[in-house]
Amino acid sequence: MGHKELAGKLFLAVATAGLTTCNVGAVDPAPEPLVCSDVGKGESLSITGTLDGNKLTMTMSSNAFDASWKATPGATADAGLTIDTVSGGADGTDVTIEATLDAGTMVAKFTVTGTLTDGEVECSVTRQFTVTVSGTSVEIAEFYDLPIAPRRHASIEVLRRDGLAVDLQASFAGAGPVTWTPTGGAVTADEGGRARWTLPTEPGVYQVEMLVDHGESGFTLDTLTLEVLG
């Protein structure tokens, strides 16, 4: 039995092309030029953070090998968070952001601005992030104007399994109708997010997807996989 949660991750995209290197060191084909309209689709910049008391250290890593920051980007923060220093970023190096959280702050926002370049094309970049503190751990995610961020997690809880009948509960924040879609068997659900999944009698591996529709704010989902033995 496997159970995994699907979650969106934060990335900043820079278009790249597959490269092959010859023995003489030449690159064929040459990297495609940076396309500013492609920046932001999600493939080449990741950010992580660690918390020590109220001191927050964040690292932005660029995975694109045909573009880098022209210079160290800037960072500004909203109430509850103070940016202390920003370093690195040029020539493809990681960007380190040191910040201080105000006492009692659990959620804060900050904005990074800078210029990505491949040596010929330059693209202005502005990205806003949220910092969410839970105990001694910290989560950093891209901030969206749509209110999906505070309810971006959804999960399926198994309440009880009796033979081929499995009682499930949709666990999520916010509101919205829940849809259950199995690859086998049948699901009966109520409006409270509870459902009963009756698995097929035939041996095999089956999956049910739970999707919560938040309307204009987007959707969250999770899947559960169970095996029926012969």
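The values are calculated or read from the model by the stated rules, or taken from the named source; none is laboratory data. These figures come from a predicted structure and were not determined experimentally. Backbone-built Cβ (ideal geometry, glycine too); neighbour counts: all protein chains shown.
Applying the condition of being buried (at least 16 other Cβ atoms within 10 Å of the Cβ) and of a type in the set (Gly, Ala, Ser) to the stretch 205-230 and asking which residue is modelled with the lowest pLDDT yields Ser217.
Restricting attention to the stretch 150-174, the residues that are hydrophobic (A, V, I, L, M, F, W, C), at pLDDT below 75 and crowded, with 17+ Cβ neighbours inside 10 Å add up to 0.
Inside the stretch 209-223, can you point out the residues that are in contact with a Gly (Cβ under 8 Å, 6 or more places away or on another chain) and either within 17 Å of Asp167 (Cβ to Cβ) or assigned to a strand (DSSP E or B) (or both)? Steps first, answer last, please.
Of the stretch 209-223, the ones in contact with a Gly (Cβ under 8 Å, 6 or more places away or on another chain) are 212-215, 217, 219.
Once the filter is applied, which keeps residues that are in contact with a Gly (Cβ under 8 Å, 6 or more places away or on another chain) and either within 17 Å of Asp167 (Cβ to Cβ) or assigned to a strand (DSSP E or B) (or both), the stretch 209-223 yields Val212, Asp213, Phe219.
Scanning the stretch 79-111 for residues that are under 12 Å from Ser61 (Cα atoms), buried (at least 18 other Cβ atoms within 10 Å of the Cβ) and modelled with pLDDT of 90 or more turns up Val95, Ile97.
Of all the residues that make up the stretch 180-190, how many are surrounded by fewer than 13 Cβ atoms within 10 Å (Cβ to Cβ) and either touching a Cys at 6+ places or on another chain (Cβ under 9 Å) or among the aromatic types (Phe, Trp, Tyr) (or both)?
The first filter runs over the stretch 180-190 and keeps only residues surrounded by fewer than 13 Cβ atoms within 10 Å (Cβ to Cβ), leaving 181, 186, 188, 190.
Right, trim to either touching a Cys at 6+ places or on another chain (Cβ under 9 Å) or among the aromatic types (Phe, Trp, Tyr) (or both) and you get none.
So the count comes out to 0.
The residue that is farthest from Leu159 (Cα to Cα), counting only those in the stretch 191-204 that are out of contact with any Ser or Thr (no Cβ under 8 Å at 6 or more places or on another chain) and crowded, with 17+ Cβ neighbours inside 10 Å, is Leu199.
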